[in-house]
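Just so it is clear, none of the values below were taken in a lab; they were calculated from the coordinates. Just so we're clear, the structure is a prediction, and the values are computed from it rather than from any experiment. Don't worry about glycine lacking a Cβ; one is built from the backbone with ideal geometry, like all the others, and counts go over all protein chains shown.
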Amino acid sequence: MNKRHLTASALLASALVLTACGSDAGDTAGSTSSGSNGGSTASETATGNDADVAFLTGMTPHHEQAVEMSEMVLAADPPAEVAAIAQQIKDAQDPEIEQMKTMLADLGQDTGGAAHSGGHSAGMAGHGGMMDDDEMAALMDASGEDAARLYLEGMIRHHEGAIEASDTQIADGQYAPAVDLAKTIKTAQAAEVTEMQALLQSL
């Protein structure tokens, strides 16, 4: 009788020990998994390379000049079709400027260096295709179809520079939000180049 009682007690004690160990292991695994996931997300958010920084710091003033050009032609009484695409470009690139400044801050960069400090030449640190001071002054002074022609010629070249910079970012960048933005810019601006080329031929 005593022997059977001792055996039952030993089995019960073993079961309790195994249950406790299983619970501890599960808790530890859950805690480790949660901590690992949190660490991975933070690491991805903060990870970038020189290509990402170069793209964002160059594309910010590049976009700022495009917005400025669009505002100039909109004030110059251009044909309706040119006004429409200028407004489209302005509406697309204004929010992208803020996105890029946020990305630079996320990467620990000073966004002041990417901001337009005023004046046409302030954006010349941007990517290729940007207009110089004389070209911007000519656009500012023009009106009607003359302004439309200058705008379209300048913006086609401007977009081609942005597409080239986007290709470089897609190939070399590692910060996912910046790579995704480069893909968006390339797709949108390639379509706008085609549209602007047709408009230019119709003037």
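Once the Cβ-Cβ distance between residue 197 and residue 110 is put in as r, and R0 is 41 Å, what FRET efficiency do you end up with, to the nearest 0.05?
The pair residue 197/residue 110 has a calculated efficiency of 0.65.
Which of 57, 187 comes first, and how do the rest follow, when ranked by fewest Cβ neighbours within 10 Å?
187, 57
Between residue 102 and residue 54, 0.36 nm times their residue separation minus their Cα-Cα distance comes to what?
Gain on extension, residue 102 to residue 54, equals 15.8 nm.
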